[in-house]
Amino acid sequence: MSGSHTAYEKAVALFAKIMNAPNTELCTRPADLARALDRSSSTNFRAIAEAEAAGLIKRDLRKHYLKGAVARRIGFSAFGFGQVSDIVEPILIDVRERTRRSSIIGVIDGDRLFVGPFSMGRGRDYTCPDQLYGTDPTDLANAQVECVLHPLAGGKPGLTLRALAFHVAGAHAGIVGVVAAHGFERSSEETFDVLEVARSRLADSNKAQG
């Protein structure tokens, strides 16, 4: 029994490495992903092919590797809103284009923000968010969130978050928002108006498929 458990843990760890590799470097070939794994080359390439076939990883239009829809759904399901995973990409792109800021889907859990999928454009008004921040607790069910994010691992200081919650359960909430390093004074539209549309779409999807 213990042997099976160990094999299971090793398999989960292997696929976690495959999915996380594109977060730290540009991966355009299977060999780029294979370098992140501590196993024989043939095993690496077989695991990468299986992960892509299962939807755990995918490639974008430029053939760059990204996390796949299945991986995103698994992560969101842990917080109770896995149903929204299939629609977040067009929503994030729409929010990014209308606000001209990096858009994110995240989870606020107490005083921490876990950053999930995000959409970032080119130029000084966009910033690449870290995966984890400290934040001030707020009444997510009834308030618009606007706060400064505190890096917890030596990341980028001083990012500002504007967000709305589309799913609240106990101490954590799923949020859709935008982050900015230089404030929101040059937003093309009122930020919270744009976020309200995105929140409604995400909330409706979560209810319809829940």
Within segment 50-58, is even one residue among the small types (Gly, Ala, Ser), assigned to a loop (DSSP other than H, G, I, E, B) and closer than 29 Å to Gly174 by Cα? yes
Using beta carbons and a limit of 6 Å, which pairs, at least six apart or on different chains, have the first residue in segment 133-146 and open to solvent by 80 Å² or more (accessible area, probe 1.4 Å) and the second one at pLDDT 80 or above? Asp136/Cys147; Pro137/Asp111; Gln144/Phe192; Glu146/Arg162
So which of Ile48, Ile87, Ile91 is touching a helix residue (DSSP H, G or I) at 6+ places or on another chain (Cβ under 7 Å), at pLDDT 80 or above, β-branched (Val, Ile, Thr) and over 29 Å from Asp193 (Cα atoms)? Ile48
What pairs come up if the first residue lies in segment 65-94 and is within 22 Å of Cys128 (Cβ to Cβ), the second is among the hydroxyl-bearing types (Ser, Thr, Tyr) and open to solvent by 70 Å² or more (accessible area, probe 1.4 Å), and their beta carbons are under 9 Å apart, counting only those six or more places apart or on different chains? none
Of everything in segment 35-45 that's open to solvent by 70 Å² or more (accessible area, probe 1.4 Å) and part of a loop (DSSP other than H, G, I, E, B), which residue is modelled with the highest pLDDT? Arg35
When the residues of segment 5-34 are filtered to those that are at pLDDT below 80 and assigned to a loop (DSSP other than H, G, I, E, B), which remaining residue is surrounded by the fewest Cβ atoms within 10 Å (Cβ to Cβ)? Leu26
Determine if segment 82-90 includes at least one residue that is charged (D, E, K, R) and under 30 Å from Arg124 (Cβ atoms). yes
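The values are calculated or read from the model by the stated rules, or taken from the named source; none is laboratory data. Remember, it's a predicted structure, so these values are computed and weren't measured experimentally. Every residue, glycine among them, receives a Cβ derived from its backbone with ideal geometry; neighbour counts consider all protein chains shown. The accessibility values were calculated without ligands, DNA or RNA, using every heavy atom of the protein model including side chains. Shrake-Rupley method; radii C 1.70, N 1.55, O 1.52, S 1.80 Å.
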